[in-house]
Amino acid sequence: MRIFSGVPNINFMAQRKTGLWVSSFLTVAAILLVAFRGLNFGIDFTGGVLVEVHYPQAVELDSVRADLAHANYEHPVVQYFGTSSDVLIRLPPAEDSNSAKVSTAILDALHASEPNVELRRVEFVGPQVGDELTQDGALALLLAFIGIAFYIMFRFEWKFSVGAVAALIHDAIMVLGFLSLTWIEFDLTTVAAILALIGYSNNETIVIFDRVRENLLSQRRMEILDVVNLSVNQTLLRSVITHLTTLLVLTALLLMGGKSVHSFSSALMVGVIVATYSSIYVSTGLAVVLNVSREDLVPAEKSDADVV
Amino acid sequence: MQPYPLWKTILLVVVTLLGALYALPNVYGEDPAVQINTTSGDPLPVDFAAQVDAALKTEGIQPSGSRADGGHWVVRFAQAEQQLKAADALKKSLGNGYIVALGLASKTPDWLTKLGAKPMSLGLDLRGGVHFLLEVDVDDARKAAAQRYVTDLPNFLRKKDIRYTGRRQEGERTVLDFADAVTREAARKAIAKEYPELKLDAPDGATTLTATLTESEVKRIVDFAVQQNLTTLRNRVNQLGVAEPLVQRQGANRIVVQLPSVQDTTRVKDLLGATATLEYRAVDETGSADSAAASGIVPPGTELFYTREGRRPVLLKREVIAAGVNLVDAAATVDENGTPAVSVTLDSQGAKRMFEFTEKSVGKPMAVLFRETVVETNYNAEGVPLREKREVEEIISIASIRGVFGKRFQTTGLTSKEAHSLALLLKAGALAAPVEIVEERTVGPSLGADNIKQGFTAALLGLGLVSLFMAIYYKVFGLFAIAALLLNLVLVVAVLSLVGAALTVPGIAGIVLHMGIAVDANVLIYERIREELRNGTKPGEAIQHGYDRAFLTIADANVTVLIGTAMLFALGAGPVKGFAITLAIGILTSQFTAIVGSRALAQLVFGRRQRMSDLPIW
């Protein structure tokens with residue numbers, strides 16, 4: 001089976017400036033969205049208490065709230081989790097140091113009116129741990145960017161490195177914008193998703209860069225812009241197929257993997273779609289705009305041989 | 001087409017076989033089992049098998065296996081009901097000297113276990129259980145240590161006949177005033193010699209001397225406080241009777257407690273949150289304890305307490321000779337006469353004061369006061385649980401001082417059982433710094449089971465979808481890719497089992513995601529082969545070029561994904577680490593399977609053909 005009969009011949013680089021403008025615009029929009037609307041941080045980062053319980057039959061949220069009010073928890077967030085017999089209760093971090101006891105108190109309160117309520121999950125994150133997880137998450141992202149930038153600089157060239165990292169930042173911001181827009185919870189696994197996405201998206205960029213380098217060697221007389229275009233076209237099919245297989249497994253995860261990987265899979269799905277575009281227009285496009293030249297990539301002694 | 005190097009084929013076969021072998025334990029499943037350990041941590045007695053058999057026989061329970069396994073005794077059962085009944089029977093007949101815990105035992109056959117093969121361990125989010133992160137309040141321990149010097153230093157100077165004019169505590173610093181700089185210098189020299197753990201500061205133009213704890217001393221205090229807590233927590237967790245509990249230090253001042261399959265977090269929290277400390281104090285013999293207890297009037301400088309055994313009133317002097325923080329070790333032993341004893345080791349601070357005290361108190365009695373904060377749950381008339389903090393203060397030991405001692409001493413005149421329990425209480429009382437629960441994650445068994453089911457279904461569906469696509473799109477070569485993918489899955493499972501990394505929900509997500517990414521290597525290669533064919537290259541050469549050219553690209557791409565996962569592993573917490581591990585293992589193994597594995601298959605099928613008009617890759 002094949003999608004194209006031969007290597008496609010699309011002049012991607014003709015719209016490189018438009019592409020970069022569009023990306024910049026979208027990036028700024030996503031940043032503004034995150035800045036003003038914020039993210040729906042999970043308790044991993046905010047701290048607090050989360051209790052998930054399962055009732056033997058459907059339950060009214062108001063009766064759950066009443067039970068909790070009885071135990072002096074006035075403003076908990078109570079919502080259904082999937083079905084009307086699964087209930088999720090959240091409490092913000094308490095000031096007093098004994099908030100670890102809160103989860104026990106909540107369960108006691110629920111047990112009082114329905115002895116058969118089943119505990120599914122309790123998560124309590126103290127504020128100090130929440131702060132640390134936030135810092136570590138941010139640090140992990142930053143170090144990943146730096147590590148990848150250096151690796152590409154070492155394997156390719158700094159202009160490519162700038163392009164690649166710009167694409168990664170772009171992808172990460174777009175995913176954050178999506179999460180802000182849809183208000184999907186942002187937890188530790190979401191950070192994992194973004195880090196995986198960074199690696200994945202960079203994979204795309206590297207495949208194109210590799211091809212550019214190879215073509216620069218074999219197509220001596222071709223203009224750099226044409227070489228880039230050819231490379232993007234040559235790797236296009238592979239990109240499409242890889243994205244397809246990745247989207248397939250992510251769909252499986254989203255449909256069957258349960259609620260705990262929901263934010264993980266949806267964040268990655270958006271990221272994979274964005275990465276398709278950014279690997280062409282942001283990373284490669286930026287490298288071209290930065291005037292990447294044949295000499296940047298082809299070792300000097302080879303060009304000497306050319307003269308001879 | 002060039003013949004494929006033999007060593008690569010052999011390597012592939014060997015890796016496949018090894019992978020299959022070490023992934024194999026995961027298919028056998030688990031038996032309900034009871035795990036038995038001795039409370040003291042001593043090895044099990046020789047006739048233990050007979051004891052267990054006897055206990056089970058009286059209840060008429062037939063175990064499906066009973067033997068020692070890695071330090072503990074494991075009794076297996078065919079059904080879960082038998083397991084519960086047997087655990088009760090064993091607890092009753094074996095008594096307090098043993099910890100009987102419910103657990104699961106893998107059905108992996110012996111020959112596999114001998115090869116070091118074991119099933120994957122499941123994270124708490126898959127098997128259910130509780131996870132606590134406790135923070136040791138080291139500030140408290142440090143403050144307590146620092147505050148001691150405001151009384152210690154003046155005492156020391158008085159003994160050395162060096163006159164000071166004032167003393168005060170400024171935060172964690174002890175400040176001493178002197179009449180002139182000469183006296184101060186003498187004091188500085190004397191203190192520096194006696195207290196090497198202090199950093200002394202004597203500013204010019206003033207006559208004060210400031211003492212603070214040195215960096216290394218602070219570190220030692222913190223380490224010690226955490227270590228003490230760790231030991232105490234282990235003891236307490238052992239009382240719970242949980243199979244495979246984990247109590248581990250994390251970072252500078254945190255302790256992780258993980259208890260698989262435990263759900264009653266209330267009991268665990270009460271147990272973990274209990275704080276205990278102990279104080280060595282002199283017994284006041286001048287006043288009458290009985291009359292103090294009757295009248296409620298306590299002589300000045302003393303306090304009234306009761307003994308743990310017999311509730312006898314005793315007056316203790318207020319001055320604390322040594323506290324729990326000074327206790328380095330306490331163990332039940334036998335003394336030189338062969339009678340049971342508890343040997344106690346104090347740190348230098350405690351030893352010094354113990355020496356000074358015993359020097360002038362030979363023949364007089366000394367008591368150990370045990371203080372514990374117990375949280376108790378009581379139910380009121382409406383059945384609403386009420387939690388109450390209760391301070392328990394008891395004298396656990398009174399012994400007369402037989403000689404002058406400091407660092408090491410023994411408490412004798414005890415029965416073996418008394419020695420054992422005193423040693424345990426002393427250790428528990430050594431819990432110097434308070435702990436606080438800073439993170440809790442409890443997963444109920446039903447959620448754990450759901451997570452396994454969902455993860456497995458998602459993985460299966462993902463595998464199915466990718467396989468279907470590859471087979472349709474790349475025909476025979478697609479099948480090679482699927483074979484490589486399956487081998488890769490086996491290898492990931494094998495490596496996970498071998499290294500003992502726990503599989504978590506994000507870990508499963510990592511495996512699923514990785515299936516999508518792993519075929520990328522094959523896609524890259526196959527697209528290359530197609531391209532070569534389009535350019536008119538012969539099929540055999542096209543295969544070769546496809547693989548050779550794609551190798552570096554794949555390696556480059558994989559390195560960058562590994563950079564991301566490495567960061568995640570280094571900085572991620574708990575289950576997310578599981579994601580990083582599975583993804584990283586998957587990437588490393590796929591580099592092998594996608595390139596060596598699928599290529600060997602391609603060679604095997606097409607390598608011998610002299611003429612190939614077309615490759616089944618379109």
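The values are calculated or read from the model by the stated rules, or taken from the named source; none is laboratory data. Given the structure is predicted, the values throughout are model-derived calculations rather than measurements. Here Cβ is always computed from backbone atoms with ideal geometry, including for glycine, and neighbour counts include all displayed protein chains. These area figures cover heavy atoms from the full protein model, side chains too; ligands, DNA and RNA do not enter into them. Shrake-Rupley method; radii C 1.70, N 1.55, O 1.52, S 1.80 Å.
Buried accessible area for the B:A pair, summed, 1.4 Å probe, in Å² rounded to 100? Accessible area lost upon association: around 6300 Å².
For the set B:453/B:577; B:159/B:317; B:360/B:407; B:317/B:417; B:269/B:453; B:160/B:317, the pairs lying more than 19 angstrom apart at their alpha carbons are B:453/B:577; B:159/B:317; B:317/B:417; B:269/B:453; B:160/B:317.
Helix A:16-37 against the longest principal axis of chain A: what's the angle in degrees, Cα atoms only, rounded to the nearest 10? The angle comes out at about 20 degrees.
Taking only protein heavy atoms and a 1.4 Å probe, the accessible area of the stretch B:463-573 is 73% carbon and sulfur. Once you reduce the stretch B:489-547 and the stretch B:153-174 to the center of their Cα atoms, the two points are 72 Å from each other.
Where in chain B lies the longest segment free of trypsin sites (Lys or Arg not before Pro) that are both loop residues by DSSP (not H, G, I, E, B) and have at most 15 other Cβ atoms within 10 Å?
Values: sites that count: B:107, B:160, B:163, B:311, B:360, B:402, B:407, B:608, B:609, B:611.
It runs B:408-607.
Quick one: net charge of residue B:247's neighbours, Cβ under 13 Å, K/R +1, D/E -1? Could the numbers behind the result be given before it?
On the way: positive: B:234, B:236, B:249, B:254; negative: B:244.
Charge balance in the 13 Å sphere: +3.
Accessible area per residue for the stretch A:48-125 is 46 Å², calculated with a 1.4 Å probe on protein heavy atoms, without ligands, DNA or RNA. Exceedance of the 21 Å cut-off in Cα-Cα distance is limited, within the set B:143/B:199; B:143/B:193; B:57/B:92; B:193/B:352, to B:143/B:193.
Rounded, prolate or oblate: which fits chain B, taking a ≥ b ≥ c as square roots of the Cα gyration tensor eigenvalues, rounded meaning a/c under 1.5, else prolate when a/b beats b/c? Here chain B falls in the prolate category.
What longest range of chain A stays clear of loop-exposed GluC sites (Glu not before Pro) (DSSP non-H/G/I/E/B, at most 14 other C-beta within 10 angstrom)?
On the way: sites that count: A:60, A:74, A:95, A:223.
Longest site-free region, per DSSP loop and neighbour criteria: A:96-222.
Taking only protein heavy atoms and a 1.4 Å probe, the accessible area of the stretch B:139-218 is 46% carbon and sulfur. The base-10 log of I(q)/I(0) for the protein assembly as shown, evaluated at q = 0.09 Å⁻¹, reads -1.07 [Debye formula, identical scatterers on Cα atoms, solvent excluded].
Helix check for chain B. Which DSSP H runs span at least 24 Å along their own axis by Cα, with a mean Kyte-Doolittle hydropathy no less than -1.0? The partial results should precede the final answer.
Values: long enough: B:6-23 (25 Å, 1.98); B:215-240 (38 Å, -0.53); B:445-499 (43 Å, 1.68); B:505-534 (44 Å, 0.66); B:539-571 (47 Å, 0.73); B:575-592 (26 Å, 1.25).
Those that clear 24 Å and a mean of -1.0 are B:6-23, B:215-240, B:445-499, B:505-534, B:539-571, B:575-592.
Below 8 Å, C-alpha to C-alpha, sequence gap of six or more: please give me the relative contact order for chain B in percent.
On the way: 1080 pairs, mean separation 97.9, N = 618.
Worked out over chain B, it gives 16 percent.
A straight Cα-to-Cα reach below 30 Å connects residue B:475 with the lysines B:8, B:538, residues fewer than 8 places away in its own chain not being considered.
Over chain B, give the accessible area per residue in Å² for a 1.4 Å probe, as an integer.
Working: 28640 Å² over 618 residues.
Per-residue value: 46 Å².
Rounded to the nearest 20 debye, the dipole size of the stretch B:30-106 about its Cα centre is 120 debye, using +1 on the Cβ of Lys and Arg and -1 on the Cβ of Asp and Glu.
For residue B:286, the accessible surface of its heavy atoms amounts to roughly 130 Å² (probe 1.4 Å, protein chains only, rounded to the nearest 10).
Taking each residue in B:502-509, count the Cβ atoms of any other chain within 10 Å of its Cβ, then average. What number comes out?
Numbers: counts 0, 0, 2, 6, 7, 0, 4, 14.
Mean partner shielding for this stretch: 4.
Take residue B:320: with every protein chain present and a 1.4 Å probe, its accessible area is about 50 Å².
Modelled spin-label separation between residue B:298 and residue B:20, with each label point placed 7 Å from Cα along the Cα-to-Cβ direction: 7.6 nm. With a cut-off of 10 Å between beta carbons, the residues surrounding residue A:285 carry a summed charge of +2, where Lys and Arg count +1 and Asp and Glu -1. Along each principal axis, taking the top coordinate minus the bottom one, the Cα set of chain A gives 90, 44, 28 Å in descending order. Could you work out the local net charge near residue B:32, counting Lys and Arg as +1, Asp and Glu as -1, over the other residues with Cβ closer than 13 Å to its Cβ? Summing Lys/Arg as +1 and Asp/Glu as -1 gives 0. The solvent-accessible area of residue B:111, taken with every protein chain present and a 1.4 Å probe, is close to 130 Å². Across the stretch B:520-611, Cα-Cα pairs more than 15 Å apart make up 64 percent of the total. Annotation for the stretch B:96-142 versus the stretch B:32-89: alpha-carbon center distance of 18 Å. Using just its DSSP H runs of length 4 or more, each adding -39500 (n - 2.57), the protein assembly as shown gives a mean residue ellipticity at 222 nm of -18000 deg cm²/dmol after division by all residues.
Carbon-plus-sulfur accessible fraction, the stretch B:30-106 (probe radius 1.4 Å, protein heavy atoms only): 51%. Compared with the alpha-carbon gap, the fully stretched path from residue A:294 to residue A:135 is longer by 53.1 nm at 0.36 nm per residue.
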